[in-house]
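Accompanying notes for the structure given below.
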Amino acid sequence: MTIERVRVTPVAPQKTLARRLNLGCGRKPLAGAVNLDASDRVGADVVHDLDVRPWPFSDAQFDEVHAYDVIEHVADVVGTLEEIHRICRPGAVVHITVPHFSSANAFTDVTHRHWFGWRSFDTFTDANELSYYSTARFRRRTTRISFYASLLNRVAFRLANRWPERYERRWAWMVPAWFLY
């Protein structure tokens, strides 16, 4: 589904803006951040569809971006990461969570358009032969495969994060993950 009508709530002048952005905030706003959502029913500071570019922010405006459970919903992951890159200052930290491809939730939520694995974001680093898809460059600081809490999953967490490619190739379907950070 494509949303044609977009309403943007005015944002305070540049010098008073928060340096943190919370994309797809839903009903979980972050204190001290600009909270953005596509819905005008959640009390977001900015109402905007992330598939409509450019986003209503200046270049190099944010020091920190949170995209918790939102990237899997956008139509164009590459375009979204390029827009995040545009609005971030050099050295900004971007926090992303997405459903791991082995998670049942990745497929049962009908609003999910994409599924992710350990190397899905390598396209945006210089460590990948597919880096020609985008000029936006990020440096990976942390990646973690997370699991539902259980004794077995504690062991799976350690193994999967130590040997992620082996986990995804052989074990992911036997011991599914929950999400990727």
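The values are calculated or read from the model by the stated rules, or taken from the named source; none is laboratory data. Bear in mind that the values here come from a model prediction, so they are computed numbers and not experimental data. Note that we place each Cβ from the backbone using ideal geometry, even for glycine, and neighbour counts take in every protein chain shown. Quick note on the areas: whole protein, heavy atoms, side chains included, nothing else; ligands and nucleic acids left out. Shrake-Rupley method; radii C 1.70, N 1.55, O 1.52, S 1.80 Å.
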I need the full set of residues from the stretch 34-53 which are without any contact (Cβ under 8 Å) to a residue 24 or more places away in the chain and open to solvent by 50 Å² or more (accessible area, probe 1.4 Å), in order please. Arg41, Gly43
Residue by residue through the stretch 134-165, note down the ones that are small (Gly, Ala, Ser), open to solvent by less than 70 Å² (accessible area, probe 1.4 Å) and more than 24 Å from Gly24 (Cβ to Cβ). Ser150, Ala156, Ala160
All-but-one check, Pro56 against (1) touching a strand residue (DSSP E or B) at 6+ places or on another chain (Cβ under 8 Å); (2) within 12 Å of Leu23 (Cβ to Cβ); (3) open to solvent by 10 Å² or more (accessible area, probe 1.4 Å), failing number (2)
Residues of the stretch 118-151 being in contact with a helix residue (DSSP H, G or I) (Cβ under 8 Å, 6 or more places away or on another chain) and over 21 Å from Arg169 (Cα atoms), which ones? Phe124, Thr125, Ser131, Tyr133, Ser134, Thr135, Ala136, Arg137, Phe138, Arg140
Among the numbered criteria (1) touching a residue at least 60 places away in the same chain (Cβ under 8 Å); (2) over 21 Å from Val65 (Cβ atoms), which one does Arg158 miss? (1)
Contact list, first residue from the stretch 125-138 and among the aromatic types (Phe, Trp, Tyr), second anywhere and at pLDDT 80 or above, beta-carbon distance below 8 Å, six or more apart or interchain, is Tyr133/Val78; Tyr133/Thr123; Phe138/Leu81; Phe138/His85; Phe138/Val94; Phe138/Phe121; Phe138/Phe124; Phe138/Thr125
Residues of the stretch 69-92 that turn out to be assigned to a helix (DSSP H, G or I) and among the acidic types (Asp, Glu), as a count: 3
Taking the stretch 21-43 on its own, how many of its residues are within 16 Å of the chain's Cα centre (by Cα) and not aliphatic (A, V, I, L, M)? 8
May I ask you to list pairs of residues, at least six apart or on different chains, whose Cβ atoms are under 7 Å apart, with the first in the stretch 71-82 being closer than 12 Å to Phe116 by Cβ and open to solvent by 10 Å² or more (accessible area, probe 1.4 Å) and the second being β-branched (Val, Ile, Thr) and in a helix (DSSP H, G or I)? Val77/Ile71
Number of the exception - Asn22 against (1) open to solvent by 10 Å² or more (accessible area, probe 1.4 Å); (2) in contact (Cβ under 8 Å) with a residue 24 or more places away in the chain: (1)
Aliphatic (A, V, I, L, M), surrounded by 16 or more Cβ atoms within 10 Å (Cβ to Cβ) and out of contact with any strand residue (DSSP E or B) (no Cβ under 9 Å at 6 or more places or on another chain) - does that describe any residue in the stretch 114-133? no
Pick from the stretch 93-116, criterion part of a strand (DSSP E or B) and either hydrophobic (A, V, I, L, M, F, W, C) or closer than 12 Å to Val70 by Cα (or both), ranking: nearest to the chain's Cα centre (by Cα): Ile96
